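In what follows, a structure is listed as structure tokens, so that the remarks can point back to it.
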Amino acid sequence: MSTSLLYHTQGIHDFKFESFDFTGGQTVATIHRDEDKFHCPCCNSLRTTPTFIGTRKIQSLPIGSHRFFVRVKMHRIRCSDCAAFLMEKLPFITSEKARYTKALARTVIELRPEMSISAIAKYFGLHWTTVKEIEKKHLKKKYKNVPLSEVRVIGIDEIYVGKNRYLTVVRDLYSGAVLHVGEGKGGDSLEAFSLRLKYSTCRIETVAVDLSAAYTSWINNNLSEATIVYDHFHVVKLMNEKLDKIRRRTMSELEDEQKKMLKNKRWLLLKNVENLDTDKEKSLDQLRETYKELGDASILKESLRNIYSIVPDGYMARVAFQDWCKLAIDTGIPEMKTMASTITSHLDGIVAYWNEGITSAAMEGFNNKIRWLIRQAYGYHDQEYFKLKIFDLPKLRIVKNL
Ligand SMILES: [Zn+2]
């Protein structure tokens, strides 16, 4: 292997190729640093005396189907200028202790959107955790300082990630970029983001958020100039939660056999009616007739969704929501009464949705990606890695088992 091939295929320069060794399906090239390239690691002087102390084996990109390693002759360098006596540094590895070259790490990163961690690990003969660490290091660097200066419209969302744990995600709703991922939910989870806002020149004009009090008070304290929008996605989400609460309450009052029937009907109630086939539609009608409260609430959910698909402007929306609240209260169902009172007290922010041009599709799309990410949970016991993967979600195409 010529020295220039070493440079062009493996990104290793200032080193000379000595010899090959082929054993156990591996190709190992012994290399050493050019005699005139022994810089002092401390002051960069070339007036140095190297002493050979042993070799170090580092994995690089495969050649054909063979794993390829370089065996580097390592030296301790004594500097005549600053008197330092230090181990030579290898410029082609990612960190002092890395056992792989930058070229290999770069290829792992390039392949990652197309291949699972396990597939990459198997292909290169690396350990699973090594591949994960390479990606983690890359993501950490990439998302260290997500710029805020151009941000105008943000969305704040809490996400249930299982085992009683929540994360709060802040996104730029125009660019789709993730700006912050905090542990927990409510104002505390936004503490680090508040600090960044304080030192940023950004002027956030609109915040889309769910209807819980925790985020509203955080917005009032930290972004008092911004318009709060309780967007389509969050209003319908809350309505679905109420509907499910009624289903569970109804179920608890039933005999075991009937209970089973209702248990399997959760998705039937929560799904949008236009997505049901004829059989499912019939079954929903039957359910609505059998359980009056559930029937009423399910119809109210559809009419709430209709407001969003039909009503053209904020003024009409206000009237429509007021009418909806009257109907909801008239049912006498406790969960619907609470929903009506939540809507009434948040009406300005709900109606603001029509004026602020936020689309619900982007939020739903992102939430689907998060759910997908959570399903891949076997790889995310490492919380820091999981959070970094959330930052990377907007760029992600969903491929199986990543
Ligand atoms: Zn020196």
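Computed from the coordinates by the stated procedures, all read-outs in this text should not be read as laboratory data. All figures in this text were calculated on a predicted structure; none of them were measured in a lab. Virtual Cβ from ideal backbone geometry, glycine too; neighbours counted across all protein chains shown.
Count Lys and Arg as plus one, Asp and Glu as minus one, and take only other residues whose Cβ is under 14 Å from that of Val153; the net charge is then -4.
Charge tally for Thr55 (other residues, Cβ to Cβ under 12 Å; Lys, Arg +1; Asp, Glu -1): +2.
What is the dipole size for the stretch 101-180, taken about its Cα centre, with +1 at each Lys and Arg Cβ and -1 at each Asp and Glu Cβ, in debye to the nearest 20? Please list the in-between numbers first.
On the way: 15 positive and 8 negative charges, 77 e Å.
Computed charge dipole of the stretch 101-180: roughly 360 debye.
List the residue ranges in the chain for DSSP H helices whose C-alpha atoms run 15 angstrom or more along the long axis and whose Kyte-Doolittle average is -1.0 or above.
Values: long enough: 128-142 (21 Å, -1.56); 232-252 (30 Å, -0.79); 278-290 (18 Å, -1.88); 292-310 (26 Å, -0.19); 314-330 (24 Å, 0.21); 334-345 (17 Å, -0.22); 360-375 (23 Å, -0.28).
Length and hydropathy pass: 232-252, 292-310, 314-330, 334-345, 360-375.
A DSSP coil position with no more than 12 other Cβ atoms inside 10 Å describes the following GluC sites (Glu not before Pro) in the stretch 136-202: Glu150.
Taking the number of Cβ atoms within 10 Å of each Cβ as an exposure proxy, the fewest-first ranking of Cys202, Cys40 is Cys202, Cys40. Post the alpha-carbon centroid distance, the stretch 97-173 to the stretch 310-367, in whole angstrom. Each part's Cα centre sits 37 Å from the other's. Cβ crowding within 10 Å ranks Lys185, Lys163, Lys280 as Lys163, Lys280, Lys185, fewest other Cβ atoms first. Estimated from helices alone, the mean residue ellipticity of the chain at 222 nm is -14500 deg cm²/dmol (sum of -39500 (n - 2.57) over DSSP H runs with n ≥ 4, per residue). Straight-line reach from Lys271: taking Cα to Cα under 17 Å and skipping same-chain neighbours fewer than 8 places apart, the aspartates and glutamates in range are Glu241, Asp244, Asp279, Glu281, Asp285, Asp296, Glu302, Glu364.
Short-range pairs are left out: with C-alpha atoms under 8 Å and at least six residues apart, the relative contact order of the stretch 3-141 is 18 percent. Assuming charge only on the beta carbon of Lys and Arg (+1) and of Asp and Glu (-1), the dipole of the stretch 232-356 about its Cα centre is about 360 debye to the nearest 20. Could you list, in their original order, any pairs among Lys337/Lys369; Lys280/Lys395; Lys263/Lys369; Lys282/Lys395; Lys132/Lys245; Lys242/Lys389 whose Cα atoms are separated by more than 29 Å? Those over the limit are Lys337/Lys369; Lys280/Lys395; Lys282/Lys395; Lys132/Lys245; Lys242/Lys389.
Using Cα centres only, tell me the gap between the stretch 35-55 and the stretch 174-211 in whole Å. A separation of 49 Å, based on Cα centres. The alpha-carbon of Lys57 sits under 18 angstrom from the alpha-carbons of these lysines, leaving out residues fewer than 8 places away in its chain: Lys16, Lys73, Lys89, Lys97, Lys102.
For the chain, build the charge dipole from Cβ charges (+1 Lys, Arg; -1 Asp, Glu) around the Cα centre, then report which of Leu284, Trp128, Gly54 sits farthest towards its positive end. It is Gly54, whose Cα lies furthest towards the positive end. With neighbours defined as other Cβ atoms within 10 Å of a residue's Cβ, the residues Leu276, Leu393, Leu195, Leu294 order from fewest to most as Leu195, Leu276, Leu393, Leu294. Within the shell defined by Cβ-Cβ distances under 10 Å, the residues around Arg249 carry a net charge of -1, with Lys and Arg each +1 and Asp and Glu each -1. Of all aspartates and glutamates in the structure, the ones whose alpha carbon falls short of 18 Å from that of Lys163, not counting any fewer than 8 places away in one chain, are Glu183, Asp382, Glu384.
Mean separation of Cα pairs under 8 Å and 6 or more residues apart, divided by the residue count, gives the chain a relative contact order of 11 percent.
Using C-alpha pairs under 8 Å with a sequence gap of at least 6, the mean separation divided by the residue count of the stretch 232-356 gives a relative contact order of 28 percent.
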